[in-house]
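Read-outs throughout are calculated quantities, based only on the coordinates presented, and are distinct from any laboratory measurement. Fair warning: this is a prediction, and the values are worked out from it, not measured in the lab. Cβ placement follows ideal geometry from the backbone for every residue including glycine, while neighbour counts extend to all protein chains displayed.
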Amino acid sequence: MDHQSKERHPAKTCHVCGGARFYYLFSASDYRVVRCDDCGLVFLNPQPSDDELARIYSADYFLGSNIEKSSQAVREIKQATARLYLSEISRYCGPDSGHLLEIGCGDGDFLVTAQAAGWYVTGVDYSATACEKARQRLKNGEVFCGELQSVSLEAEQFDLCVISDVIEHVRSPMDFLREIHRLLKPGGALFIATPSIDSWSARLMRQKWMEFKAEHLTYFDRQTLQTALFKSNFRDVIVEPGWKMISFDYVRMHFDRFPVRVVTPVLNFMARILPQKLQQRHRRIVASGMMVFSRKAEARPQPVLSVIVPAYNEVKTFRALMETLLCKELTGLQMEIIVVESNSTDGTRELALKYRDHPRVKLILEEQPRGKGYAVRTGLKAATGDYVLIQDADLEYDLEDYDGLLEPLVAGRVAFALGSRHGGRHVWKMRQFTKQRGLSLFVNLGHRFFATLINVLFFQRLRDPFTMFKVFRRDCLYALEFECNRFDFDFELLIKLIRKGYHPIELPVNYRSRSFEEGKKVRMFRDPLTWLRALAWLRFLKIDPMRVVERAHATTQTGKESSSTKAGR
Ligand SMILES: [Zn+2]
């Protein structure tokens, strides 16, 4: 028993994706920091022993808890941060409050603030001293002492769970998230604040980053945390930079406790000359972390892929495509096919109608063609799958490539993949129209030009950003709004996903280009101009998913009010 608690915990597989290829990065104090080659997760391996962690979490672990005078200042800072979190949470969840669970509640600063804002609160903390203090400060509500899994709370009782600076401390983040999933009501929200290794401070300080320490066992960034949430059935994810409240006083106390050469003496000197009021003023800063919002979704027995097929005047290929699609078996995945038919004049509609009653096909009939982008957007709105793939109704792409493209998504390594049309590593297979060599050269040059432009503008290294073959988690689209109707929609989709923070990987796919005679629908001179305009607009457009969610709440709220006044009359 005693022996066990002295042993460090080595991991054989990655905590998030289960991959076994992780490599040494550097050592932080006495611990090895490694990175998973498959999903990018950074973690300590081996983790510190139980004894080592117990020593770290001694009674004065929480800054200022023993010093009565500083305690008040620390408390004010913590409550200011709590108010900030609560206001962001109400943007995400809407104005209604309910039953809130905080895990790692410490001596209750967040719980007290949340209670004042109308929440009914429950807390869990590892430290008995902290729990006792929290109980004394709360008017009502419960505080449980121990690890989350050991206090065994009843399932589906919370509307909101808050974990602030906690997930990086737990030995198994996936078990932890699954337990939270069990405790939340259907559709309940989860708020996470945690350090992020793609924050500006981590990029700037690299190995010297202050968050690298023995008790921080896992280091997420926005991709890896979203993967962890996705795999434990949380959806509607929004990631924001981590705001925190600080004051000069607070920073000085921190460096007093953990002295740093030059910094500590300078701060102490400034404390003597700065006016008291200025030292205590609260300021909002972007710190080293991120704030992540998500919602509980129901677990499915098998994940679902939505294939979206926009079809307009594709009579020659439509039936062949549909038959191949319907025969296609994907390992571990179910498929729903969403056909958006735009009132073709060549008989495609009649062909599409034959699939109307097929159990795996959703058929959407548009009154008039309004552009391919419009059709895809209509299809996306109807999709219910975990993953989305957009498949043109021509046969330019090879359906055999589905499995290869989907594998990294289903394995949970990436959120977004592009099928790159270069037929393996070194073959340039873009456009080889047999009869029109001059034209094909012109089109290929245009391709290079736009690809370079995109890479420069959006900090990417993509070879083929224009591929129609895109697969991504449907959740990536959450709180994004689209407006392009024609081929510029492909740009809009790609770039908005990139700007929301997803980095696509490129995988080679087979491709046979159609010539313009065969019905390629790109217009040589008009479309490139639309693309240029779209790129300029997408570069400077403000992407603010939280604003979109907030607006949606406001609309439902007005809807409710107007219907209740109607009912009142
Ligand atoms: Zn991994």
How high is the relative contact order of segment 304-363, in percent, counting Cα pairs under 8 Å that sit 6 or more residues apart?
43
Quick one: which residues, 5+ away or cross-chain, put their amide H under 5 Å from the amide H of TYR31? H built at 1.01 Å from N.
none
Counted neighbours (other Cβ, 10 Å), sorted fewest up, put THR317, THR122, THR331 in the order THR331, THR317, THR122
Partnerless cysteines (no other Cys beta carbon under 4.7 Å) identified across the chain are CYS93, CYS105, CYS161, CYS327, CYS476, CYS484
Tell me, CYS476, CYS17 in order of fewest to most beta-carbon neighbours within 10 Å?
CYS476, CYS17
Helix runs (DSSP H) in the chain reaching 24 Å along axis by Cα, Kyte-Doolittle at least 0.5
437-458
Give me the distance in nm between label points sitting 7 Å out from Cα along the Cα-to-Cβ direction at LYS277 and ASP37, one decimal.
6.1
How high is the FRET efficiency from ARG8 to LEU457, r the C-beta distance, R0 60 Å, rounded to 0.05?
0.85
Put a dot 7 Å past each Cα toward the Cβ at VAL266 and ARG533; how far apart are the dots in nm?
5.1
Return a whole-number percent for the relative contact order of the chain, with Cα pairs under 8 Å and 6 or more residues apart as the contact set.
11
Would you mind getting me the FRET efficiency between THR558 and SER49? Use the beta-carbon distance for r and R0 = 56 Å, nearest 0.05.
0.50
Considering the dipole of the chain built from charges on the beta carbon (Lys and Arg +1, Asp and Glu -1) around the Cα centre, which of VAL237, GLY438, ALA193 is farthest to its positive end?
GLY438
Taking Cα pairs closer than 8 Å and at least 6 residues apart, the relative contact order of segment 61-187 in percent is 21
Could you order the peptides 412-419, 477-484 from most to least packed, using the average number of other C-beta atoms within 10 Å per residue?
412-419, 477-484
What ranking do ASP394, ASP527 get, fewest neighbouring Cβ atoms within 10 angstrom at the top?
ASP527, ASP394
Quick calc: nm separation of the 7 Å Cα→Cβ label points for GLU142 and ARG206 -> 5.0
Value of Rg/Rh across segment 120-176 [Cα atoms, Kirkwood radius]
0.95
Mean ellipticity per residue at 222 nm, deg cm²/dmol - from DSSP H runs of n ≥ 4 across the chain, formula -39500 (n - 2.57)
-12000 deg cm²/dmol
Tell me, what is the FRET efficiency for TYR23 and ASP403 to the nearest 0.05, using R0 = 30 angstrom and their Cβ-Cβ distance as r?
0.65
Excluding residues on the same chain fewer than 8 positions from LYS213, give the aspartates and glutamates whose Cα lies under 16 Å from its Cα.
ASP30, ASP50, ASP51, GLU52, ASP165, GLU168
Given backbone amide H placed at 1.01 Å from N, residues whose amide H is under 5 Å from that of ALA311, ignoring those fewer than 5 places away on the same chain, are VAL340, GLU341, SER342
Which pairs break 22 Å Cα to Cα here: LYS12/LYS231; LYS316/LYS354; LYS12/LYS500; LYS208/LYS277?
LYS12/LYS500; LYS208/LYS277
Once the convex hull of the C-alpha atoms of the chain is built, how many Å³ does it hold per residue, rounded to a whole number?
205
